[in-house]
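Please read the structure below before turning to the comments.
Just so it is clear, none of the values below were taken in a lab; they were calculated from the coordinates. All values reported here derive from a predicted model rather than from experimental measurement. When we count neighbours, we look across all protein chains shown, and the Cβ atoms used for this are built from the backbone with ideal geometry, even at glycine.
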Amino acid sequence: MRKNVYLRAALAGVSAGAVTGLLGAGGGMVLVPLLTLLTPIPEDAVFPTSVSIILPICAVTLAVTAALGAVDWAVAAPYLIGSGLGGFLAGKFGKNLPVVWLHRILGIFILWGGIRYLC
């Protein structure tokens, strides 16, 4: 990658990290459009690349919030188990979905989340 592409990729990563750190989630919703817009990553590789970037962002965010004592592990445990299973299933079967449908699904979740938080 050229230097300019590295800077744009870093901007996408910083944006995703900031959103995840501030809001506790949503970094992927920022990252997927930014990777599509700012980098030469092929469209069919954007979603898997986003997941590989979000994992360490989430790990760092979890470590910081846990160190501050803000994680209730008893409440989080069922979600961790469910999200692990959901992530496995999505990774296994999601590659069969056309990219256009992945974009539509992401758009629907972004709209739903935005409306839910505004109301």
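Details
- Calculated FRET efficiency for the pair LEU106/ALA74, C-beta based, R₀ 25 Å, to 0.05: 0.20
- Semi-axis lengths, Å, segment 34-119, gyration tensor of Cα atoms, sqrt of 5 times eigenvalues: 26, 17, 16
- The angle between the Cα long axis of helix 43-67 and the main principal axis of the chain comes to about 30°, on a 0 to 90 degree scale.
- Straightening the chain between LEU97 and ASP44 buys 18.1 nm, computed as 0.36 nm per residue apart minus the Cα-Cα spacing.
- Between TYR117 and ASN4, the simple spin-label model (points 7 angstrom out along Cα→Cβ) gives 3.2 nm.
- Principal-axis tilt of helix 27-38 within the chain, Cα atoms, nearest 10 degrees: 10 degrees
- Most mobile listed residue (VAL51, VAL60, VAL100) in the chain, GNM with C-alpha springs under 10 Å: VAL100
- Degrees separating the helix 99-118 axis from the principal Cα axis of the chain, which is the longest one: 50 degrees
- The helix-only estimate of mean residue ellipticity at 222 nm for the chain, built from DSSP H runs of length n ≥ 4 each weighted as -39500 (n - 2.57), is -28500 deg cm²/dmol after division by the residue total.
- The distance linking segment 63-78 with segment 90-118 is 27 Å (Cα centroid to Cα centroid, whole angstrom).
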